[in-house]
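I have a structure I would like to understand better, so I am pasting it below and will then ask my questions one at a time.
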Amino acid sequence: MSLSASSPVVERIAQVIYDRLMLLTAGGSAYIYVSEVVRYNRKDTYTPTDKQIVLTMGANERVPELDHEGNPPAVCRQQTFNIRCHVIPSEFDETPSDTYVNLMVFEAMKAITNNQATWHNFDNLAIDAEFDSTEPIEDDGTGIDGANLPLLVRYRTDENNPYNVRM
């Protein structure tokens, strides 16, 4: 799905992240095959599968210390993107599930950063980004192990127009 300037900046950033993660389903990793990348939609359901990435959006917070003056002023926001890496290893697989989780998390990081110094601006839509600490997803009877990799992305828009990118 391609988004244009008629979509909010944060949604265009989400699409760039999704597109980069999708490279892992097309053989973008020599270390692990990712079965699918899902952008969660509350109306749709998805079935958890082995080596699946689910991309969701968390908190969207103001960062007033990074605002800029102007007419209209530029406001800075920080969006948390949750990159949930799921594994459901076979009961016959002797490889620790943590091995698969580590591979998925670090390959997701590699896909997001795409080996470029300017990875954090997401096609000139953001001013900065960083990965936060991973959070374990432990099997709670669902059979899913994994980790959540929070990605914090800071971006600016016009105070009165969330569709207009401001640097």
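The values are calculated or read from the model by the stated rules, or taken from the named source; none is laboratory data. Here the structure is a predicted model, which is why all the values come from computation and not from measurement. Virtual Cβ from ideal backbone geometry, glycine too; neighbours counted across all protein chains shown.
Could you tell me which of the residues Ile83, Ile112 is crowded, with 17+ Cβ neighbours inside 10 Å, touching a strand residue (DSSP E or B) at 6+ places or on another chain (Cβ under 6 Å) and in contact (Cβ under 8 Å) with a residue 40 or more places away in the chain? Don't jump to the end; show me each part of the working.
On the way: Ile112 fails: touching a strand residue (DSSP E or B) at 6+ places or on another chain (Cβ under 6 Å).
Testing whether each residue is crowded, with 17+ Cβ neighbours inside 10 Å, touching a strand residue (DSSP E or B) at 6+ places or on another chain (Cβ under 6 Å) and in contact (Cβ under 8 Å) with a residue 40 or more places away in the chain leaves just Ile83.
Another question about this same structure. State all residues of region 23-49 that are among the hydrophobic types (A, V, I, L, M, F, W, C) and either closer than 18 Å to Val153 by Cβ or assigned to a loop (DSSP other than H, G, I, E, B) (or both); if no residue qualifies, say none.
Taking region 23-49 and keeping what is among the hydrophobic types (A, V, I, L, M, F, W, C), we get 23-24, 26, 30, 32, 34, 37-38.
Listed by number, the residues that qualify are Ala30, Ile32, Val34, Val37.
Search region 17-51 for residues being in contact (Cβ under 8 Å) with a residue 12 or more places away in the chain and out of contact with any helix residue (DSSP H, G or I) (no Cβ under 9 Å at 6 or more places or on another chain), and hand back the single one that is surrounded by the most Cβ atoms within 10 Å (Cβ to Cβ). Write out each step before concluding.
First pass over region 17-51, keeping only residues in contact (Cβ under 8 Å) with a residue 12 or more places away in the chain: 17-18, 20-25, 28-29, 31-40, 48-51.
Those left that are additionally out of contact with any helix residue (DSSP H, G or I) (no Cβ under 9 Å at 6 or more places or on another chain): 18, 25, 38, 40, 48-49.
Details: Tyr18: 16, Thr25: 16, Val38: 20, Tyr40: 13, Pro48: 15, Thr49: 13.
Among those that are in contact (Cβ under 8 Å) with a residue 12 or more places away in the chain and out of contact with any helix residue (DSSP H, G or I) (no Cβ under 9 Å at 6 or more places or on another chain), it is Val38.
Taking region 124-147 as the search range and keeping residues that are surrounded by 12 or more Cβ atoms within 10 Å (Cβ to Cβ) and in a loop (DSSP other than H, G, I, E, B), which one is modelled with the lowest pLDDT? So that I can check it myself, show each step before the final result.
Residues of region 124-147 surrounded by 12 or more Cβ atoms within 10 Å (Cβ to Cβ): 125-129, 131-132, 134-135, 137, 139, 143-147.
Those left that are additionally in a loop (DSSP other than H, G, I, E, B): 125-127, 132, 134, 139, 143-144.
On the way: Leu125: 98, Ala126: 98, Ile127: 98, Asp132: 98, Thr134: 97, Asp139: 67, Gly143: 73, Ile144: 84.
Across region 124-147, the extreme among qualifying residues is Asp139.
Let me ask something additional. For Ala117, only one of the following conditions fails: (1) among the hydrophobic types (A, V, I, L, M, F, W, C); (2) closer than 13 Å to Leu21 by Cβ; (3) at pLDDT below 95. What is its number?
Status for Ala117: all satisfied but (2).
Answer yes or no: is there a residue in region 80-93 that is assigned to a strand (DSSP E or B), within 20 Å of Asn124 (Cβ to Cβ) and within 20 Å of the chain's Cα centre (by Cα).
yes
Moving to a separate point now. Hey, among Thr56, Thr45, Thr25, Thr49, which residue is more than 20 Å from His120 (Cα to Cα) and under 17 Å from the mean Cα position of the chain (by Cα)? Outline the logic, then answer.
Values: Thr56 fails: more than 20 Å from His120 (Cα to Cα); Thr45 fails: under 17 Å from the mean Cα position of the chain (by Cα); Thr49 fails: under 17 Å from the mean Cα position of the chain (by Cα).
The conditions single out Thr25.
Still on this structure, please answer the following. Looking at this structure, is Asn164 modelled with pLDDT of 95 or more, within 17 Å of the chain's Cα centre (by Cα) and not hydroxyl-bearing (Ser, Thr, Tyr)?
Working: modelled with pLDDT of 95 or more: yes; within 17 Å of the chain's Cα centre (by Cα): no; not hydroxyl-bearing (Ser, Thr, Tyr): yes.
Against the criterion (modelled with pLDDT of 95 or more, within 17 Å of the chain's Cα centre (by Cα) and not hydroxyl-bearing (Ser, Thr, Tyr)), Asn164 does not qualify.
Also, I was wondering about something else. Out of all the residues in region 151-167, is one or more in contact with a Lys or Arg (Cβ under 7 Å, 6 or more places away or on another chain) and part of a loop (DSSP other than H, G, I, E, B)?
Checking region 151-167: at least one residue is in contact with a Lys or Arg (Cβ under 7 Å, 6 or more places away or on another chain) and part of a loop (DSSP other than H, G, I, E, B).
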